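Single-structure report; data block below.
The values are calculated or read from the model by the stated rules, or taken from the named source; none is laboratory data. All values reported here derive from a predicted model rather than from experimental measurement. As a convention, Cβ positions derive from the backbone with ideal geometry for all residues, glycine included, and neighbour counts pool all protein chains shown.
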């Protein structure tokens with residue numbers, strides 16, 4: 001249906017609303033559910049094996065190598081990321097639809113595991129992948145937050161992340177042209193002082209994980 005209405009995006013153009021077919025004075029907007037969008041992102045990375053964000057690269061080979069190295073410690077029960085399995089790295093068509101497999105892969109634990117194994121061959125240069133994951137994890141968390149204490153509030157950290165992730169209306173898509181600026185802005189937001197006690201507790205939990 002989206003294709004029939006011409007909804008979609010390119011590198012510098014976004015179409016997410018069209019003139020209503022029954023009332024030319026109204027606009028018809030299209031919104032996808034958040035988990036589906038993030039699963040599509042994971043599937044695209046799985047297919048292309050590489051994303052470019054400014055001067056940085058996001059490589060799916062980092063996830064493969066992380067899984068290979070970490071799985072070697074399975075026998076002694078010393079894995080850093082025990083949830084990571086073949087289903088996360090080599091999902092079949094049914095597994096690609098599972099939200100949990102996407103959230104396990106795009107997670108704080110994956111970021112920590114990549115940092116932990118950064119001295120291992122093949123994982124020395126994972127900063128681009130880790131920056132990408134940090135962006136994804138925080139945006140996903142804001143868009144699907146179920147805790148009222150961490151809800152969107154004016155000038156809050158969550159609101160700033162949401163504003164950064166929110167796409168423009170139909171037309172030019174400047175954010176897509178400068179992904180490095182998005183990462184830099186997000187990093188500044190996340191390093192700012194938490195806006196309330198709930199943010200502070202959550203920040204501490206993320207450090208522990």
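Taken as a whole, the structure places residue 142 among residues that are surrounded by 14 or more Cβ atoms within 10 Å (Cβ to Cβ), modelled with pLDDT under 90 and either within 11 Å of residue 66 (Cβ to Cβ) or out of contact with any strand residue (DSSP E or B) (no Cβ under 6 Å at 6 or more places or on another chain) (or both).
Just to check your reading of the model, which residue among 46, 59 is modelled with pLDDT of 90 or more, within 30 Å of residue 82 (Cβ to Cβ) and in contact with a strand residue (DSSP E or B) (Cβ under 8 Å, 6 or more places away or on another chain)? Quick ask: steps written out before the conclusion?
Details: 46 fails: in contact with a strand residue (DSSP E or B) (Cβ under 8 Å, 6 or more places away or on another chain).
None of the other options fit; the residue is 59.
Does the range 8-29 hold any residues that are at pLDDT 85 or above and either more than 28 Å from the chain's Cα centre (by Cα) or surrounded by 13 or more Cβ atoms within 10 Å (Cβ to Cβ) (or both), and which are they? Break it down stepwise before answering.
Initially, the range 8-29 is screened for residues at pLDDT 85 or above, giving 17-29.
Answer for the range 8-29, where residues must be at pLDDT 85 or above and either more than 28 Å from the chain's Cα centre (by Cα) or surrounded by 13 or more Cβ atoms within 10 Å (Cβ to Cβ) (or both): 17, 18, 19, 20, 21, 22, 23, 24, 25, 26, 27, 28.
Here the condition is being touching a helix residue (DSSP H, G or I) at 6+ places or on another chain (Cβ under 8 Å) and not in a loop (DSSP other than H, G, I, E, B); of 68, 26, 79, 42, it holds for 42 alone.
Yes/no matrix, rows are residues, columns are (1) touching a residue at least 24 places away in the same chain (Cβ under 8 Å); (2) part of a helix (DSSP H, G or I); (3) in contact with a strand residue (DSSP E or B) (Cβ under 7 Å, 6 or more places away or on another chain); (4) over 22 Å from residue 50 (Cβ atoms):
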site: 64; (1), (2), (3), (4): yes, yes, no, no
site: 83; (1), (2), (3), (4): yes, no, no, yes
site: 87; (1), (2), (3), (4): no, yes, no, no
site: 91; (1), (2), (3), (4): yes, no, no, no
site: 109; (1), (2), (3), (4): yes, yes, no, yes
site: 119; (1), (2), (3), (4): no, no, no, yes
site: 125; (1), (2), (3), (4): no, no, no, no
site: 137; (1), (2), (3), (4): yes, yes, no, no
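When the range 47-65 is filtered for residues that are in contact with a helix residue (DSSP H, G or I) (Cβ under 9 Å, 6 or more places away or on another chain) and buried (at least 16 other Cβ atoms within 10 Å of the Cβ), the ones remaining, listed by number, are 51, 53, 56, 57, 58, 59, 60, 62, 63.
Confirm whether residue 80 is surrounded by 15 or more Cβ atoms within 10 Å (Cβ to Cβ), closer than 22 Å to residue 140 by Cβ and more than 20 Å from the chain's Cα centre (by Cα).
Numbers: surrounded by 15 or more Cβ atoms within 10 Å (Cβ to Cβ): yes; closer than 22 Å to residue 140 by Cβ: yes; more than 20 Å from the chain's Cα centre (by Cα): yes.
Yes, satisfied.
Identify, from the list 96, 120, 115, the residue that is in contact with a helix residue (DSSP H, G or I) (Cβ under 8 Å, 6 or more places away or on another chain), within 23 Å of residue 47 (Cα to Cα) and surrounded by fewer than 18 Cβ atoms within 10 Å (Cβ to Cβ). Don't jump to the end; show me each part of the working.
Working: 120 fails: within 23 Å of residue 47 (Cα to Cα); 115 fails: within 23 Å of residue 47 (Cα to Cα).
One residue alone meets the criteria, 96.
For the range 3-20, indicate whether the set of residues that are assigned to a helix (DSSP H, G or I), farther than 25 Å from residue 117 by Cα and in contact (Cβ under 8 Å) with a residue 12 or more places away in the chain is non-empty. Looking for residues that are assigned to a helix (DSSP H, G or I), farther than 25 Å from residue 117 by Cα and in contact (Cβ under 8 Å) with a residue 12 or more places away in the chain, one finds none in the range 3-20, hence no.
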